[in-house]
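The values are calculated or read from the model by the stated rules, or taken from the named source; none is laboratory data. Every value quoted in this text rests on a predicted model; they were computed, and no experiment measured them. Neighbour counts are summed over all protein chains in view; Cβ atoms, including those assigned to glycine, are modelled from backbone coordinates with ideal geometry.
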Amino acid sequence: MDTQVSQELCSRKLPDLLTFTDGTAVKERKDWSKRRKEIEQLLQREFCGTYPDFPLTVSGEVVREDNSGFGGKALIQTIMLHVKSSYSYLTFPFQLCLPKRRADAPVFFYFSFTPVIADGLGEEILDNGFGIVNLYYQDVTSDKDDEFASGAGRFYSRNSFDSWGKLAMWAWGMQRIMDYLFKECENGSVKLKSLDLTKSAVMGHSRLGKAALICGTMDERFSLVVSNDSGGGGAALFRKKTGEGIQDLAKHGSRIWFCENFFKNHATPEELPFDQHFLLALTAPRHLYVCSATEDDWADPLSEYLACAAATPAYEILGCKGLITDGKFASPEVPYHEGSIGYHLRTGTHHLGRYDWQQIMEYRRKHNV
Ligand code: GCU
């Protein structure tokens, strides 16, 4: 039956998620891992850029510890992460908040615009029973055109076609934190007993929502991937998108976030060999949660919502539900929490607010992720 959503998706003429590049169909569950790999490589080559794939060692050093964080509710550590390859190294800090009153707390890996998590926000998340990793994104590499030399840039000299952009660098930084915490847990760290890393959500707002998507979709250790108001280059479909488009992202400021192929090869969205539902679909069968805001015209909430619906066939071929809707466009404050893709539309402007956090935490509790 034609619904409002299916009609709109049809009019956007999206590339087919379930057709291999050679034109053959992805018919059954076992075909998906091959298609997933193909999509991941396509997105790295044409969108966010390729990651370094040489061996790295990761270690951490606790440089500050506060046992009375948030009024005594949490142990807060500042950890310097040392990442080394055979010819280069990088050190950057992150904050780890461990709830004291809970063992096995699910974790938020939060891409943050600030080095220290805000008091009110941190306490609210802890009170809801979660642990927090707070990564100030510019500690991994700056958000400026520095010729990709700062921070993570020293691992990989960038070419002008398929090398990583800043979003992929930030994503890579969070993945290295995950490397470290996993290793610590395996080594039986007593302090990390308060965390359950099998329930790890990576999350960010706006440009950091874009980074969270790249990080979590491509790294299967994250059980939940969350983007808030991530818009163009994030959760929103490019085809027929309103607000920010490829040509806007190509301008100074945001161009550095992507690889150069993204702009060189595709002047219009119709020329893209993918659309953002490809990125979202990499999460399947894990959980994905997308948040939009009614007045966030630059991001385009409808295109974010539709991308969730368009990613759903990847979940279905794996035998689970993606976004479950009544086939209509989303209404404000009516969250979709039933499927493995969650979505809500908040009334208001571009912002990560209390309502967004509350819904995401509720979704995590409901699905135990
Ligand atoms: C700009 C940019 C967006 C981005 C946002 C942000 O508005 O055009 O793509 O999401 O900044 O990160 O704040």
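Checked against the criteria, Ser331 does not count as away from the ligand (no atom under 15 Å from the Cβ) and within 19 Å of Arg36 (Cβ to Cβ). Does Ala211 satisfy the criteria of being crowded, with 18+ Cβ neighbours inside 10 Å and in contact with a strand residue (DSSP E or B) (Cβ under 7 Å, 6 or more places away or on another chain)? In short, yes. Residue count for the range 37-75 satisfying the condition of being part of a helix (DSSP H, G or I) and either of a type in the set (Asp, Glu) or more than 23 Å from Leu208 (Cα to Cα) (or both): 8.
For the range 36-61, the set of residues classified as free of Cβ contacts under 8 Å to residues at least 60 places away in the same chain and of a type in the set (D, E, K, R) consists of Lys37, Glu38, Asp53, Glu61, listed by residue number. Residues in the range 230-285 that are polar (S, T, N, Q) and either in a loop (DSSP other than H, G, I, E, B) or within 27 Å of Gly339 (Cβ to Cβ) (or both): Ser230, Thr242, Ser254, Asn265, Thr268, Gln276, Thr283. So which residues in the range 67-110 are charged (D, E, K, R) and either within 29 Å of Glu362 (Cα to Cα) or in contact with a helix residue (DSSP H, G or I) (Cβ under 8 Å, 6 or more places away or on another chain) (or both)? If the condition is that a residue be charged (D, E, K, R) and either within 29 Å of Glu362 (Cα to Cα) or in contact with a helix residue (DSSP H, G or I) (Cβ under 8 Å, 6 or more places away or on another chain) (or both), then Lys73, Lys100, Arg101, Arg102, Asp104 are the ones that fit. Considering every residue within the range 105-121, establish whether at least one is within 16 Å of the ligand (Cβ to nearest atom), closer than 26 Å to Ser292 by Cα and assigned to a loop (DSSP other than H, G, I, E, B). Yes, the conditions are met somewhere in the range 105-121. Restricting to the range 148-201, name every residue that is part of a helix (DSSP H, G or I) and β-branched (Val, Ile, Thr). Selection gives Ile177 alone. Please tell me if Cys291 is modelled with pLDDT of 95 or more and away from the ligand (no atom under 16 Å from the Cβ). For Cys291, the condition - modelled with pLDDT of 95 or more and away from the ligand (no atom under 16 Å from the Cβ) - is not met.
Within the range 228-273, the set of residues being within 23 Å of Phe161 (Cβ to Cβ), within 9 Å of the ligand (Cβ to nearest atom) and touching a residue at least 60 places away in the same chain (Cβ under 8 Å) comprises Gly232, Gly233, Gly234, Trp257. For the range 298-328, a residue qualifies if it is touching a residue at least 40 places away in the same chain (Cβ under 8 Å), outside any loop (DSSP other than H, G, I, E, B) and among the polar types (S, T, N, Q), and exactly one does: Ser303. Contact map, the range 345-369: first residue closer than 14 Å to Ser227 by Cα and touching a residue at least 40 places away in the same chain (Cβ under 8 Å), second residue in a loop (DSSP other than H, G, I, E, B) and among the aliphatic types (A, V, I, L, M), Cβ cut-off under 9 Å, separation 6 or more or different chains; pairs are Leu345/Ala330; Leu345/Val334; His350/Ala299; Tyr363/Val369. Applying the criterion of being more than 16 Å from the ligand (Cβ to nearest atom) and part of a helix (DSSP H, G or I) to the residues of the range 214-227, the residue that is surrounded by the most Cβ atoms within 10 Å (Cβ to Cβ) is Gly216.
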